[in-house]
Amino acid sequence: MKVIITGGFGFLGLHVCKRILAVGELVGADESPHVVRKLVLFDAGSPPKDLPEDSRIEIRVGDITNADEVKSLFDEDGIVVFHLASVMSGQGEKDFDICWKVNVEGTRNLLEPCRVRRDCKLIFASSGACFGERPEGPEMDTTKLLPHTSYGMTKACMELVINDFTRRGFVDGRVARLPTVIPRPEPNSGLPAAFSDVLREPLRGRPAVLRLRPDMRHAVCGYRVLVRNLIHLANLPAAAFAESIDRCMNMPSLSVTLQDLQKSLASVVKDPSMLGSISYEPDAELCAKLSTFHQNMDATRARALGMMGDSSASAIAADFAAEYVDPLLLKPVVEIYEEPRHWLAFSNEHVRVFRVENPPGDTTLMHVHRFDSLYFFFTAAKVQGTKLNEEAKDDTLSCGEVRYGDHGNCLLTHKIHNKGPPVMMCLDVELAGFQSDGNDAPATKRVRIEADSSRLPPGLRLTKERPGANVHNLDLAAGTSWAGRIPFARALFVVHRGAHVRGGLGDRLLKPGDVFFREGPIDMKLEVMGTRRDVALWVVELLY
């Protein structure tokens, strides 16, 4: 498979490049993984110094507004394009013509060869700047787009064009409406630049003078989760979008203020006195313009499709410090919600579910587990675990394996390195219903629900018994159905292998790692649609 990344020399483009190279494959139009044999980085200017040394990379310096140059990139079918090249909002307001040419004509230049070649996918980076004038409340996928900037207008135009090209079968387009990615490693011309400056400058020991009000709310995300989401969006089967012709969706984000980010930064560094100073000199015109941008993006649809969000602003700050400044600035151990590879997938009073994904060669920060936990593994991987003040130890994980950690009685403080391949993916299910609040407070015991495995319906197999939960397996062959009464008062359904199903979990495409919580007892019926894929579920009986 050939992959093209426009804006490939930029911050986001390089991270997408590195992640694809580490994983080594993407899903094609036939819904099967294909080895990435060539990855083209297309951009203007000079390639960056930190470009990975990899024979799969091809550098193409060019102008996206030149149709012939862009057309020359498309020499085969089945190409996947990540279109990240764009004129940013500040520059777009100063120069309308270049904003239009790059953001609109440049995208059109990509769509035309996609239309000629078969089975091409285009993943387009749009922006929450599309919203503009709108009602109070969260920005929805369906909120009418009335942008107040030329940058937002050009992105909104291309959302409509990509939807139409997809509707007509010219291209398989997927549009990620992005929050502001923070922090950028270098200053930029975007109107929300202060949301990067508030983290980047103090971490580098420099003063940050911010031209926005400290209480202005804005939707942001870290680069790591966004790169993961862009690749996940590319890998989804076309059937995942069957309910609508609309391929545009908000990406998960955090709605934060500059004050929130300032506090989050202080919470993860070892010595806040080493940070550069932060001061505010709000510019009324800039504040007014930025107030039309995204403030609180609702990403219900994206999350249902498997996109993840940062667990906290502290995780974003910690990730940038470790990756771009100096990991020694951080406190020695971060909480699990401050670790940037642990993404909160589901939470209620009974459980908290974190999704963890480590590409080959990646290492988590040293973090602490305070709750008894079940670990569900989705890939066979070789990892190296290092507990605090202990030597590193190798470990082999099996696909479908379930482990249990008694962390309520004995905290686990460790970091994990993925020796790869492939991506190490697991769900950490914290059994929070009968434990402490995560701050060493005494555990609050709930009434235990006594389990009775003799009441299990046929097909549901008990595979693990632990003090706070029992784990059962349910396997369904492609094209079959299952019905039974699940007698649990509370159950968490975890998808191991997925397919399109109908019944008690809805009419949906199940994906590995999806989770569903249900109060019971439950009369459940599941029908596996199609004859290509089977379904495997873990059904977790929560006993408190």
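The values are calculated or read from the model by the stated rules, or taken from the named source; none is laboratory data. As the structure is a prediction and not an experimental result, all values here were calculated from the model. Backbone-built Cβ (ideal geometry, glycine too); neighbour counts: all protein chains shown.
So here's what we get for this one:
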item	result
Failed item, numbered, when residue 296 is tested on (1) polar (S, T, N, Q); (2) touching a strand residue (DSSP E or B) at 6+ places or on another chain (Cβ under 6 Å); (3) within 19 Å of residue 183 (Cβ to Cβ)	(3)
All positions within the stretch 303-340 that are hydrophobic (A, V, I, L, M, F, W, C) and out of contact with any helix residue (DSSP H, G or I) (no Cβ under 7 Å at 6 or more places or on another chain)	304, 316, 322, 328, 333, 336
Residues of the stretch 174-230 classified as small (Gly, Ala, Ser), in a loop (DSSP other than H, G, I, E, B) and more than 15 Å from the chain's Cα centre (by Cα), total	4
Filter result for residue 205 (on the phi > 0 side of the Ramachandran plot and not assigned by TED's automatic domain parsing to the domain that holds residue 119)	yes
Of all residues making up the stretch 528-539, the number that are closer than 17 Å to residue 459 by Cβ and surrounded by fewer than 17 Cβ atoms within 10 Å (Cβ to Cβ)	1
Residue that is nearest to residue 303 (Cα to Cα), among those in the stretch 364-382 that are among the hydroxyl-bearing types (Ser, Thr, Tyr) and in a loop (DSSP other than H, G, I, E, B)	379
Identity of the residue in the stretch 276-295, outside any loop (DSSP other than H, G, I, E, B) and under 29 Å from the mean Cα position of the chain (by Cα), that ends up surrounded by the fewest Cβ atoms within 10 Å (Cβ to Cβ)	287
Index of the failed condition, residue 181 passing every other in (1) surrounded by fewer than 22 Cβ atoms within 10 Å (Cβ to Cβ); (2) touching a residue at least 24 places away in the same chain (Cβ under 8 Å); (3) of a type outside the set (Gly, Ala, Ser)	(1)
Qualifying position, being outside the structural domain of residue 163 (by TED's automatic domain parsing), in contact with a Lys or Arg (Cβ under 6 Å, 6 or more places away or on another chain), of a type in the set (Asp, Glu) and more than 30 Å from residue 166 (Cα to Cα), among 283, 326, 260	283
Count - residues of the stretch 191-221 that are small (Gly, Ala, Ser) and either surrounded by 23 or more Cβ atoms within 10 Å (Cβ to Cβ) or touching a His at 6+ places or on another chain (Cβ under 7 Å) (or both)	4
Any chance residue 385 is outside any strand (DSSP E or B) and either assigned by TED's automatic domain parsing to the domain that holds residue 472 or not aromatic (Phe, Trp, Tyr) (or both)	no
Residues of the stretch 146-170 classified as closer than 25 Å to residue 238 by Cα and in contact with a helix residue (DSSP H, G or I) (Cβ under 8 Å, 6 or more places away or on another chain), total	9
Neighbours by Cβ (under 7 Å, 6+ apart or cross-chain): first from the stretch 44-73, under 18 Å from residue 103 (Cβ atoms); second of a type in the set (Ser, Thr, Tyr)	64/6
Residue under evaluation residue 315, criteria (1) among the hydrophobic types (A, V, I, L, M, F, W, C); (2) in contact with an Asp or Glu (Cβ under 8 Å, 6 or more places away or on another chain); (3) closer than 21 Å to residue 517 by Cβ, criterion not met	(3)
Among residues of the stretch 275-302, those that are among the hydrophobic types (A, V, I, L, M, F, W, C) and in contact with a helix residue (DSSP H, G or I) (Cβ under 7 Å, 6 or more places away or on another chain), counted	4
Neighbours by Cβ (under 9 Å, 6+ apart or cross-chain): first from the stretch 233-245, in the same structural domain as residue 177 (by TED's automatic domain parsing); second buried (at least 18 other Cβ atoms within 10 Å of the Cβ) and of a type in the set (S, T, N, Q)	241/166; 245/166
Lone qualifier among 184, 177 - being farther than 30 Å from residue 205 by Cβ and of a type in the set (Lys, Arg)	177
Subset of the stretch 299-324 [in contact (Cβ under 8 Å) with a residue 24 or more places away in the chain, out of contact with any strand residue (DSSP E or B) (no Cβ under 9 Å at 6 or more places or on another chain) and charged (D, E, K, R)]	319
Spans of helices (runs of 4 or more DSSP H) in the stretch 56-132 with at least 3 residues crowded, with 19+ Cβ neighbours inside 10 Å and within 26 Å of the chain's Cα centre (by Cα)	106-116
Residues located in the stretch 315-363, provided they are in contact with a Gly (Cβ under 8 Å, 6 or more places away or on another chain), part of a loop (DSSP other than H, G, I, E, B) and hydrophobic (A, V, I, L, M, F, W, C)	351
Candidate set: the stretch 318-348, residues that are of a type in the set (Val, Ile, Thr) and out of contact with any Asp or Glu (no Cβ under 8 Å at 6 or more places or on another chain); chosen: the one surrounded by the most Cβ atoms within 10 Å (Cβ to Cβ)	334
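Conditions tested, residue by residue: (1) of a type outside the set (A, V, I, L, M); (2) farther than 15 Å from residue 538 by Cα; (3) modelled with pLDDT under 95.
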residue: 377; (1), (2), (3): yes, no, no
residue: 383; (1), (2), (3): no, yes, no
residue: 387; (1), (2), (3): yes, yes, no
residue: 392; (1), (2), (3): no, yes, no
residue: 410; (1), (2), (3): yes, yes, yes
residue: 449; (1), (2), (3): no, yes, yes
residue: 455; (1), (2), (3): yes, yes, yes
